[in-house]
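Take a look at the structure below.
Just so it is clear, none of the values below were taken in a lab; they were calculated from the coordinates. Every value quoted in this text rests on a predicted model; they were computed, and no experiment measured them. FYI the Cβ positions are ideal-geometry reconstructions off the backbone, even for glycines, and counts take in every protein chain you see.
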Amino acid sequence: MLLIPCPYCGARTENEFAYGGEAHKVRPEHPEEVSDEAWADYLFLQKNTNGTYYERWVHAHGCRRWFNLVRDTLTNQVHGAYKIEEEPPKVDETTYV
Amino acid sequence: MPDSMMTTAASLRHSPFDPLHLAVRTQDGLQGAGIGLIPRDFRGLVTLRVDLDREPTARQAVTDATGLDLPTAPNTAASQDRLSVLWLGPDEWLFVVDDPAPDAGADLQTKLTGLLEGVFAQVVDVSGAQAAIGVTGPDAREVLERAVPLDMHPRSFQPGQVKHTLFGRHTGVSLHLKDDQPTLDLYCRRSFTGYVWRYLEDCAKGAETTLAVLADR
């Protein structure tokens, strides 16, 4: 089980959290003007990186706050967590083939 | 109307512990038991949500209303006399009035709402929504460790701390560690009282310790 460092509560086990998909996706500023294809891309397409990945989590059974996490999706190593309004930490990004 | 036909808020209330029929098992003191559970009926509970960065005056208003300074450090609580305030999140607190009076929560809500006039904040009386279970005894940490994913060891869970976590498989609870006995207060959704109570009884069996039901006061 992952030990996730919630930026508010400190390190807690994975089962207190819920996953929220890729972080830093930019929502189209005027959703009513984008094409169906572009909107579907925004909603459903994720980078799904095999390696260092920036993703959203919510501390569902703790402080109930959303935050971002940098995790290696292959090794499950957690590189750090940061609040939504903060800049991501500097990490050596790895992508496996 | 004769007095006997009058209904009061107190007489209409049902304890969430009623279905557990605890009265027949209640004893005085642990008497050697490893863990004691205390049905803490009817506490006044009030939640406060306010962003202290945007509303810096709220902190003083709360101190004026309650005499307590809002704990801003994560996982901490402050207590004074019969009132505690638990940190639930960076802009969320739970006040606990240790008083079974029917209007304990409503009174505090009125007081806080009055002093927070003009402040962008939310004060809600949630006394009916949650139940409190007292947990005490030398094996309390070991038994709770079987129910929650937290590290219950004294090095990472110290008196004065409060942690909100997953209990069993289904429900969230708040654990407030009050002293080193250890004595804890566990707050759960009211409808989960039976589940939490029986789960703790099972955990006590698993930890091979004896469990006692203690009177509230």
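Of all DSSP bridge pairs formed entirely within the protein assembly as shown, close to 95 percent run antiparallel.
Neighbour counting of Cβ atoms within 10 Å sorts the residues A:1, B:152, fewest neighbours leading, into A:1, B:152. Note on the protein assembly as shown: with charges restricted to the Cβ of Lys and Arg (+1) and Asp and Glu (-1), its dipole about the Cα centre is near 760 debye. Within the listed set B:121, B:77, B:23, the residue fluctuating most in the Gaussian network model of chain B (springs between alpha-carbon atoms under 10 angstrom) is B:23.
Cross-link pairs exceeding 25 Å in C-alpha to C-alpha distance, out of A:47/A:90; A:83/B:111; A:25/B:163; A:47/B:163; A:83/B:178, comprise A:83/B:111; A:25/B:163; A:47/B:163; A:83/B:178.
For residue B:209, no residue whose modelled amide H falls within less than 5 Å of its own remains once neighbours fewer than 5 places apart on the same chain are excluded.
Computed as a quarter of the hull surface, the mean projected area of the alpha carbon convex hull for chain A stands at 7.3 nm². Annotation: aspartates and glutamates with alpha-carbon distance below 18 angstrom to residue B:205 (same-chain offsets under eight excluded): B:139, B:142, B:145. Shown is the FRET efficiency for residue B:72 and residue A:96, computed with R0 = 30 Å from the Cβ-Cβ distance and rounded to the nearest 0.05: 0.10.
A Förster radius of 51 Å combined with the Cβ-Cβ distance from residue B:99 to residue A:25 puts the calculated FRET efficiency at roughly 0.55. Of A:13, A:26, A:40, which is farthest towards the positive pole of the range A:3-83's charge dipole, taken about the Cα centre with +1 and -1 on the beta-carbons of Lys, Arg and Asp, Glu respectively? Among A:13, A:26, A:40, the one farthest towards the positive end of the dipole of the range A:3-83 is A:13. Remark: the residue B:156-residue B:13 segment gains 47.7 nm on full extension, using 0.36 nm per residue and subtracting the alpha carbon distance. Mean sequence separation of contacting Cα pairs (under 8 Å, at least six apart), scaled by the length of the range A:3-83, corresponds to a relative contact order of 31 percent. Considering only the Cα atoms of chain B, their convex hull presents on average a projected area of 13.8 nm².
Here the calculated FRET efficiency for residue B:82 and residue B:215, from their Cβ-Cβ distance with R0 = 22 Å, stands at 0.80, rounded to the nearest 0.05.
Extent of the protein assembly as shown along its three principal axes (Cα atoms, max minus min coordinate, largest first): 74, 53, 35 Å.
Are there GluC sites (Glu not before Pro) in the range A:1-55 that DSSP marks as loop and that have at most 16 other Cβ atoms within 10 Å, and which are they? Sparse-neighbourhood loop GluC sites (Glu not before Pro): A:29. Cysteines in the protein assembly as shown lacking any other cysteine Cβ under 4.7 Å from their own Cβ: A:63, B:188, B:203. Available extension along the chain between residue A:33 and residue A:77 is 11.9 nm, counting 0.36 nm per residue and deducting the alpha carbon span.
A DSSP coil position with no more than 14 other Cβ atoms inside 10 Å describes the following chymotrypsin sites (Phe, Trp or Tyr not before Pro) in the range B:39-122: B:120.
How much net charge surrounds residue B:44 when only the other residues with a Cβ under 9 Å from the Cβ of residue B:44 are counted, with Lys and Arg +1 and Asp and Glu -1? Net charge in that neighbourhood comes out at -4.
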